[in-house]
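S.K.: Take this structure, written in structure tokens, and hold onto it; I'll ask about it next.
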Amino acid sequence: MKNIDVLVEPDEIHAFCRKLWRTDDFRQSHDDGGLVFEVIDKLASLPRFFYERSDDHLETGHFTSWWGGVQLRPNDYAKDGVHDLYYLHEMYHAATMPTIPNDLTRSAWGRKLNDNESDASVCSEISAYFAMPGLRAKTFDFEIYADRFLKDDYYHALWRNNRREFEETMILHRRNVMSADYVPKDMPEKWIHLFASQNKESSPIWTKNYQMIEGKLSALRRECYDSQIGRKQAMQNFMDWLLSDEITKGTDIPFPEEAKTFADIYWRNKKLYTDEAEAFAKAQKAANAPTPSPSATQPKLQP
């Protein structure tokens, strides 16, 4: 991690995030109290840190949003809509991550991470398109999982009338895909299945240290709400621990051993996903291309 910005007060967190948005859809949703504002307001309930990678290979997949950190990626995404959705996803992770100290069982901790990932994915991969109707045209050029729901008037009505049920319904849809005992042939479902498998691989990496991390996250919250300590000192205490030699092992990266182990998993799956996404996009583009008329394909007679 490098160029770390530690932000303490809610107003400065809102202002920092507002400057990150590249689409009018996100700016308007933030300014008008929409979905984006709601996520950032939850994010701002605690101090946060934003940072750049010091090592692309090790840090791109590192789960720093678990600790309240957001990785800055100004040059990773060609499309502005995808850029904004990345931040929404990571900020949702950090903003809604619950914690209890020390006695959190391995099973309960794993379930917590799975639930948080599912919630963040529904927000950034489905709900965002319902909340910001113009966003879909600014993201992916191929079919995504949300498209099947965006075509159905029922889900638009459910979003407007009972958002909580809408979100739980989408979580259930995704869980149904993730829990399949086979790899789906439907490409958007296959990607969901792939990422679920990746998350299962990442969980054991943290077995040794997850309770220590949960304890520090819980202490941060309690100290923020303690009038004798307050947000600024609480965050200073937390960052001193996170960046200590004990945690970084003398590097720029907290928990570098875990980062290295997961990087191998992340980049292997990243290549698979990228290759399949490119092939899928090409196939869809070819299928949607207009068929030339017979006259256009016949040779012209010479005069």
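The values are calculated or read from the model by the stated rules, or taken from the named source; none is laboratory data. The shown structure was predicted, so the numbers you read here are calculated from the model rather than taken from an experiment. In this analysis, Cβ positions are derived from the backbone assuming ideal geometry, glycine residues included, and neighbour counts consider all displayed protein chains.
S.K.: For the stretch 194-209, which positions are modelled with pLDDT of 75 or more and surrounded by 13 or more Cβ atoms within 10 Å (Cβ to Cβ)?
M.R.: Restricting attention to the stretch 194-209, the residues satisfying the condition of being modelled with pLDDT of 75 or more are 194-195, 202-209.
Of everything in the stretch 194-209, those that are modelled with pLDDT of 75 or more and surrounded by 13 or more Cβ atoms within 10 Å (Cβ to Cβ) turn out to be L194, F195, S202, S203, I205, W206, N209.
S.K.: Taking the condition surrounded by 16 or more Cβ atoms within 10 Å (Cβ to Cβ) and either touching a Pro at 6+ places or on another chain (Cβ under 6 Å) or modelled with pLDDT under 95 (or both), does E143 pass?
M.R.: Values: surrounded by 16 or more Cβ atoms within 10 Å (Cβ to Cβ): no; either touching a Pro at 6+ places or on another chain (Cβ under 6 Å) or modelled with pLDDT under 95 (or both): yes.
Answer is no for this residue.
S.K.: If a residue has to be surrounded by fewer than 17 Cβ atoms within 10 Å (Cβ to Cβ) and within 18 Å of the chain's Cα centre (by Cα) to count, how many in the stretch 33-56 make the cut?
M.R.: Let us first name the residues in the stretch 33-56 that are surrounded by fewer than 17 Cβ atoms within 10 Å (Cβ to Cβ), namely 33-34, 38, 41-42, 45, 52, 54, 56.
Still in the list and also within 18 Å of the chain's Cα centre (by Cα): 38, 41-42, 52, 56.
Total meeting the criteria: 5.
S.K.: Then there's this: Tell me, which helices (runs of 4 or more DSSP H) wholly within the stretch 74-138 include 1 or more residues that are closer than 13 Å to F26 by Cβ?
M.R.: Ranges flagged: 80-96, 128-131.
S.K.: Only one residue in F37, F16, F26, F49 is in a strand (DSSP E or B) and either of a type outside the set (V, I, T) or at pLDDT below 95 (or both). Which one? Let's see the steps before the verdict.
M.R.: Working: F37 fails: in a strand (DSSP E or B); F16 fails: in a strand (DSSP E or B); F26 fails: in a strand (DSSP E or B).
Just one listed residue meets the conditions, F49.
S.K.: Now for a separate question. What residue, of H14, H62, H83, H30, is without any contact (Cβ under 8 Å) to a residue 40 or more places away in the chain, surrounded by 21 or more Cβ atoms within 10 Å (Cβ to Cβ) and of a type outside the set (S, T, Y)? So that I can check it myself, show each step before the final result.
M.R.: Values: H14 fails: surrounded by 21 or more Cβ atoms within 10 Å (Cβ to Cβ); H62 fails: without any contact (Cβ under 8 Å) to a residue 40 or more places away in the chain; H83 fails: without any contact (Cβ under 8 Å) to a residue 40 or more places away in the chain.
Only one candidate qualifies: H30.
S.K.: Let me ask something additional. Any idea which of Y92, Y51 is touching a strand residue (DSSP E or B) at 6+ places or on another chain (Cβ under 7 Å) and within 26 Å of I213 (Cβ to Cβ)? Walk me through it before giving the result.
M.R.: On the way: Y92 fails: touching a strand residue (DSSP E or B) at 6+ places or on another chain (Cβ under 7 Å).
Result of the check over Y92, Y51: Y51.
S.K.: Exactly one of (1) over 24 Å from R221 (Cα atoms); (2) out of contact with any Pro (no Cβ under 9 Å at 6 or more places or on another chain) is unmet by L58. Its number?
M.R.: Of (1) over 24 Å from R221 (Cα atoms); (2) out of contact with any Pro (no Cβ under 9 Å at 6 or more places or on another chain), only one is false for L58: (2).
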